[in-house]
1. Search the range 69-94 for residues that are part of a loop (DSSP other than H, G, I, E, B) and pair each with any residue that is away from the ligand (no atom under 16 Å from the Cβ) and charged (D, E, K, R) when their beta-carbon atoms are under 7 Å apart and the residues are at least 6 apart or on different chains.
2. Please verify whether the range 227-245 includes one or more residues that are open to solvent by less than 10 Å² (accessible area, probe 1.4 Å) and either of a type in the set (Lys, Arg) or closer than 16 Å to Gly124 by Cβ (or both).
3. Name, by its number, the condition in (1) open to solvent by 30 Å² or more (accessible area, probe 1.4 Å); (2) small (Gly, Ala, Ser); (3) in a loop (DSSP other than H, G, I, E, B) that does not hold for Ala370.
4. Go through (1) aliphatic (A, V, I, L, M); (2) open to solvent by less than 30 Å² (accessible area, probe 1.4 Å); (3) more than 11 Å from the ligand (Cβ to nearest atom) for Ala380 and report which single condition fails.
5. Please enumerate the residues belonging to the range 22-55 that are within 15 Å of the ligand (Cβ to nearest atom), of a type in the set (A, V, I, L, M, F, W, C) and either closer than 21 Å to Val89 by Cβ or modelled with pLDDT under 95 (or both).
6. Checking Ser268 against (1) modelled with pLDDT of 95 or more; (2) within 17 Å of Ala192 (Cα to Cα), which test does it fail?
7. Show the residue pairs that are 6+ apart or on different chains and have beta-carbon atoms under 6 Å apart, the first residue being within the range 169-185 and free of Cβ contacts under 8 Å to residues at least 40 places away in the same chain, the second being surrounded by 13 or more Cβ atoms within 10 Å (Cβ to Cβ) and not charged (D, E, K, R).
8. Kindly indicate whether Ala311 is part of a loop (DSSP other than H, G, I, E, B), within 13 Å of the ligand (Cβ to nearest atom), over 19 Å from Ile84 (Cα atoms) and open to solvent by 20 Å² or more (accessible area, probe 1.4 Å).
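The values are calculated or read from the model by the stated rules, or taken from the named source; none is laboratory data. This one's a predicted model, so the numbers in the text were calculated from it and none came from an experiment. All Cβ positions, glycine included, derive from the backbone under ideal geometry; neighbour counts span all protein chains shown. In case anyone asks, the SASA skips ligands and DNA or RNA and just uses the protein heavy atoms, side chains included. Shrake-Rupley method; radii C 1.70, N 1.55, O 1.52, S 1.80 Å.
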Amino acid sequence: MVPQTFSSSYLTGFMETLKFAVLPGDGIGPEVMTVALRVLEQAGQRFGFRPDATHADIGGIAIDNHGIAYPDSTHQVCEEADAILFGSVGGPKWETLPPKDQPERASLLAIRKAFSLYANIRPGLLYAEIADASPLKRERIPDGIDIVCIRELTGGIYFGDKSTSTLDNGEEQAIDTMVYKTSEIERIAQVAIDTALGRGKRVCSVDKANVLECSVLWRKVVAAYFAEHAPQIELDHMYVDNAAMQLARDPNQFDVLFTENMFGDILSDEMGVICGSLGMLASASLGARQNGRGKPFGLYEPSGGTAPDIAGQGIANPCAQILSGALMLRHSFGLNEEADAIETAVRSTVEAGARTADIAFGLDSVGSEAMGEAVLERLA
Ligand code: NAD
């Protein structure tokens, strides 16, 4: 895909311009991205801003078009933007490539590293109206679910040294190294604090301090940092195996679930499942870098992947991508009212009974485009 600029003829010059990169990726990525961009466009009409989105290839489509999952040209588009709206990457077509060249590792991990996106904020939100979409019994979540997972994103075992070797006896051996430094733990602790202050002021820090040295350090640093910087926040510590059970037993016991990279990867996916559908869950990944507006540069994406099982059918739920756009407005552009309006439009659309197949459960379902139309109606 040749980078192109997305703008609308009715938009006028004096409107505030929001400059962001759009990386739709593979599978359902481009389908839901189209809907999300229309919602941003409409929000711009209502609130008076102009989305200035530059598209570029990432993931499998970039391998096909440029021979590499994260081309320099795409990196340059991101460098020049104030935020990145990301779809999802990967799919069966590229699964036979060596693991290091596959879309997720070669693009998503690469872009997180390139922009030091160390903080992943993933809301776990299930509206009461679609509580049946959760595998949990309705009586356990009568009011739905409302928690947030804060995951450290650029440290730990995914980024430590890796090696493979063949031992003298011919056996193969593989090594992944988990590494954390105090400064890495402190900066993500601050994100957990900021998030908790805007919510219920409770943080549960998850580790495996009974086994792992990294977790011993994590627990020590987190306890000291919270004691010094946020004594008003109720801080608990929990082992990751227990946290996985508690999340399935009673998710609303948590307010902010806070953990390192690999544990966060697993727990946030568990959170995704109990929240019904990955099609409803957005996420934000923020780094230390400030954008041209003095706000955090961030990457905003649905929690799910490319959904190859439904890609191309026009039935993917666009809400996660739409809500990712709302997170982008809030965190990277400081447009809280605008973000709230999009989130309210999505919520009232679902409350009114519009459902894509993943959240329909016996009700009639609509396709991605019609779901987007329903959100647009409420946003207008
Ligand atoms: P997936 O998230 O793509 O799909 C899991 C299930 O959730 C599927 O049944 C899918 O249909 C459903 N689903 C996901 N998003 C949906 C939506 N918006 N609407 C309706 N249903 C939705 O996970 P997977 O099947 O394990 O992975 C598929 C591909 O995606 C793989 O190549 C994987 O590497 C990639 N992946 C990419 C990302 C990313 O780009 N951030 C994340 C996870 C997986």
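1. Filtered contacts from the range 69-94: Ala81/Lys19; Asp82/Lys19; Asp82/Arg293.
2. Yes, there is a match, as at least one residue in the range 227-245 is open to solvent by less than 10 Å² (accessible area, probe 1.4 Å) and either of a type in the set (Lys, Arg) or closer than 16 Å to Gly124 by Cβ (or both).
3. (3)
4. Every condition holds for Ala380 apart from (2).
5. Scanning the range 22-55 gives Val22, Leu23, Ile28, Val32, Met33, Val35, Ala36.
6. With respect to (1) modelled with pLDDT of 95 or more; (2) within 17 Å of Ala192 (Cα to Cα), Ser268 is out only on (1).
7. Pairs found: Asp176/Ile157; Thr177/Gly160; Val179/Gly160; Thr182/Val221.
8. So Ala311 fits the description; yes.
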